[in-house]
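Note sheet for the following structure.
The values are calculated or read from the model by the stated rules, or taken from the named source; none is laboratory data. Small disclaimer: the values here were computed from a predicted structure and weren't measured. Backbone-built Cβ (ideal geometry, glycine too); neighbour counts: all protein chains shown. With ligands, DNA and RNA removed, areas are computed over all heavy atoms of the protein, side chains included. Shrake-Rupley method; radii C 1.70, N 1.55, O 1.52, S 1.80 Å.
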Amino acid sequence: MNIKNNNFICVILAGGLSKRFGGETKTFGKINGITIFDKIIKILKKQNTKILINTNINKEKFSNNNIEIISDIDNKFQGPLAGILATMLWIKKHHSNIEWIMSVPSDTPFLPINLLNSFKLKIKNENNILIARSNGKIHPVVGLWNINLLDKLKKELKSDNRKIMNWVSKNKYDFVDFPVHDYDPFFNINTKEDLIEAERIEKISHLS
């Protein structure tokens, strides 16, 4: 299978409302003075592929990064699946060569440096979806999605299903396992308390 970097695109899914974060956009919460968003961007730039941002609110906060911003096709806030669909539709319109979308949430500051390469190594002809897993825990928003799923995903969202794994289970998929050492690389920020824990992780793991 001929796999090239220009067959892939990364999308940061930031379309949620951050309700557990007090209504603020949590990706702009700071860990040791640096935003979660900036930490994610730094990691994704090392994947050597184009980056998109999917968001439905506070677009002006993202606009200073010279990264393409796309919104869901409606305002129903249907979660990550809606962001993946919006990305697929954008690709069909602008970049017909792209075959795969790598999605990450906007609240995971410690993503693996080798994230995309690890997904690439597990691509097989029969699989349309790959999902990250660490220490037996599934991380549905961290995934690789084939663009040929567009029509199936449209149909799924019309049924108003918002649970990623419910839809994933209807397709050919596999998991990609990532090691956990001092911390889970998919540790995510939901509350202000999680920011404090993230600062502790950075300190003990010398990540800053």
About the Cα centre, charge dipole magnitude for the chain (Lys/Arg +1, Asp/Glu -1 at Cβ), debye
440 debye
Once every DSSP H run of n ≥ 4 in the chain is given -39500 (n - 2.57) and the sum is divided by its residues, what mean residue ellipticity at 222 nm do you get, rounded to the nearest 500 deg cm²/dmol?
-8500 deg cm²/dmol
Largest-first principal axis extents of the Cα set of the chain (Å):
43, 35, 31
The chain - share of DSSP beta bridges that are antiparallel (%, nearest 5)
40 percent
Report the rotationally averaged projected area of the range 120-208 based on its alpha-carbon convex hull, in square nanometres.
7.5 nm²
Computed ³J(HN,Hα) along the range 139-154: with the Karplus parameters 6.51/-1.76/1.60, θ = phi - 60°, integer Hz and x for glycine or proline, the list is 10, x, 6, 8, x, 10, 10, 7, 4, 6, 8, 3, 5, 5, 6, 4
Solvent-accessible area per residue for the range 145-208 at a 1.4 Å probe radius, Å²?
61 Å²
Taking the Cα centre of the range 144-208 as the origin, how large is its charge dipole in debye, to the nearest 20, when only Lys and Arg (+1) and Asp and Glu (-1) carry charge on their Cβ atoms?
620 debye
Residue (of PHE186, PHE175, ALA198) at the positive-pole extreme of the range 158-208, dipole from beta-carbon charges:
PHE175
Can you give me the solvent accessible area of LEU89 with a 1.4 Å probe, rounded to the nearest 10 Å²?
50 Å²
Share of the chain's accessible area from carbon and sulfur, percent, 1.4 Å?
47 percent
Selection from ILE70, ASN97, GLY83 lying farthest towards where the dipole of the range 38-97 points positive, charges on Cβ
ASN97
